[in-house]
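The values are calculated or read from the model by the stated rules, or taken from the named source; none is laboratory data. Treat the numbers as computed from the prediction; the structure is a model and nothing was measured. Glycine also receives a Cβ, built like all others from the backbone with ideal geometry; neighbour counts cover every protein chain displayed.
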Amino acid sequence: MGYGNAVSTEPAGDDARSTETLRRDIERRRESIAKTVDQAGQRLQQSLSWREHVRERPYGALAVVAIAGFELARLFGSRGTAGERLVAGLARHLDEIGPPYGVRTTG
């Protein structure tokens, strides 16, 4: 009364070919993905390389550096010469002392 089907562990002829075809296809795709990832990594590294940007666009790089220099100079700009800073410091000090040695300059 056993109507059960016996399952073979051996692949049939067509199944064996299709399994091998699938394995080859998977291997080809795996190699293709690895190659694509390598190429993407190289492009990313190249795009992040400042030397490459300077080589490709020297005038643009010069403009960026000049603008950055002007902005840094403006940010950390001169606070006067040493003599001007000395006089300003003396004036603040004399202002703190008050009369009779100093003259109040602020209200």
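The residues of region 43-84 that are within 20 Å of the chain's Cα centre (by Cα) and either outside any helix (DSSP H, G or I) or in contact (Cβ under 8 Å) with a residue 60 or more places away in the chain (or both), listed by number, are SER49, ARG57. Has region 13-20 got at least one residue that is in contact with a Gly (Cβ under 8 Å, 6 or more places away or on another chain), on the phi < 0 side of the Ramachandran plot and at pLDDT below 75? Among the residues of region 13-20, not one is in contact with a Gly (Cβ under 8 Å, 6 or more places away or on another chain), on the phi < 0 side of the Ramachandran plot and at pLDDT below 75, which makes the answer no.
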